[in-house]
Amino acid sequence: MLLLILTCLLICAALMALVWAWQRRRGTTPVLAQEKALYAGFVADLERRQARGDIDDAQAQEERAQAARALLKASETVASDAPVRPFYGYAALGVTAILSLAVYLTVGHPDQPDQPYKQRLQTWTRLAQTNPDVLPPQAMAAVLRQGQAGHANDVTYWLFLGRIDMLAGNNYAGAQDYEKARALSPGTFVAWSELGEALTFVGGGTSGPEAVQAFEKALQRDPNDARAHYYLGQQALAEGRYEAARGHYEAALKTMAPDDVSRPQVLEALNSIGQAEAAAKAMNARISGMVSGLEAQLKADPENADGWARLLRSYDVLGDTAAHDRARAAMQAHYANRPEVIADILTKAQTRVGSEGEAK
């Protein structure tokens with residue numbers, strides 16, 4: 001209520017300031033004074049032209065009469081369009097503010113608290129029983145949670161609640177619901193891909209080991225589980241296993257209906273593999289070129305400890321285990337009498353710098 005009153009006062013103050021500025025601006029430039037100044041200038045010019053002989057007396061008299069009629073007409077217009085006095089503007093604003101406040105006090109129900117949660121929950125429960133389609137997922141989840149005690153051992157209840165929680169964006173709660181259903185009936189649990197999806201959402205979009213395991217179990221149960229194929233494809237793409245990602249996406253598309261709303265998302269992921277693969281190949285090519293130059297430098301100067309660390313790290317990035325082992329053996333042979341240098345090089349080699357230009 002206090003906030004409403006302060007807001008009304010601020011609005012009124014702003015309007016009064018605008019009215020004051022407008023009235024002040026109008027008062028500084030009276031229209032009639034401008035018309036009189038124009039008339040005086042015109043008459044003076046008329047007299048100069050008459051004195052020079054540009055016009056005769058009759059013509060001068062006619063123009064002077066027309067100018068006088070124009071001035072008289074302007075004065076009548078200004079008189080009929082006189083500005084309102086500021087007092088009336090301020091009074092109108094005050095009356096408007098008072099009437100608005102009175103209307104709000106009558107029909108606005110000020111100081112009335114929000115509807116209690118318990119009362120809203122009762123309303124949602126009635127709607128769930130009569131017309132559940134109108135309830136948003138958040139409200140439906142709240143209604144269903146009232147039955148936790150009575151359905152503590154009901155697998156179907158927890159599965160349904162898990163789906164509603166996921167629709168409501170309650171990812172963590174949804175994952176817990178699926179876990180409870182699995183714990184109640186581990187031998188008959190079938191919602192593995194749904195559990196994996198919930199765990200992936202909880203992980204911020206990344207499928208951790210538990211989620212991957214859930215998707216794999218889903219495929220063991222149903223090789224055509226499109227959801228499991230999609231998320232395993234996402235994980236494979238993130239790890240740079242492009243052929244595996246392509247296989248999962250294609251398998252998902254084969255099992256999806258042409259009008260499936262998720263189909264465009266899977267198609268987009270499948271089409272992105274080529275671009276990601278090309279970028280990875282270009283990156284590896286640049287790293288390979290830098291590695292070749294680094295190898296030549298180390299042959300000429302094997303005392304470059306940082307160079308050995310960069311070389312080993314580069315082989316890790318390329319995934320060339322054999323070349324990594326050869327380089328490590330050569331480094332250890334060179335520093336055979338200095339084990340502390342070997343340890344320092346191996347430590348630096350395990351540190352990801354994230355810059356492809358480090359291998360020089």
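Structure notes:
- Converting phi to 3J(HN,Hα) with the Karplus coefficients 6.51, -1.76 and 1.60 and the offset θ = phi - 60°, region 152-158 yields 4, 10, 9, 4, 4, 4, 5 Hz in sequence order, with x at every glycine or proline.
- Normalised per residue, the accessible area of region 227-315 is 53 Å², obtained with a 1.4 Å probe and no contribution from ligands, DNA or RNA.
- Computed over every Cα-Cα pair of region 270-360 and binned at 5 Å starting from 0, the pair-distance distribution P(r) comes out as 2, 14, 25, 23, 16, 8, 5, 3, 2, 1, 0 percent.
- In this structure the amide hydrogen of MET256, modeled in the peptide plane, comes within under 5 Å of no amide hydrogen from residues 5 or more places off or on another chain.
The values are calculated or read from the model by the stated rules, or taken from the named source; none is laboratory data. Every value quoted in this text rests on a predicted model; they were computed, and no experiment measured them. In case anyone asks, the SASA skips ligands and DNA or RNA and just uses the protein heavy atoms, side chains included. Shrake-Rupley method; radii C 1.70, N 1.55, O 1.52, S 1.80 Å.
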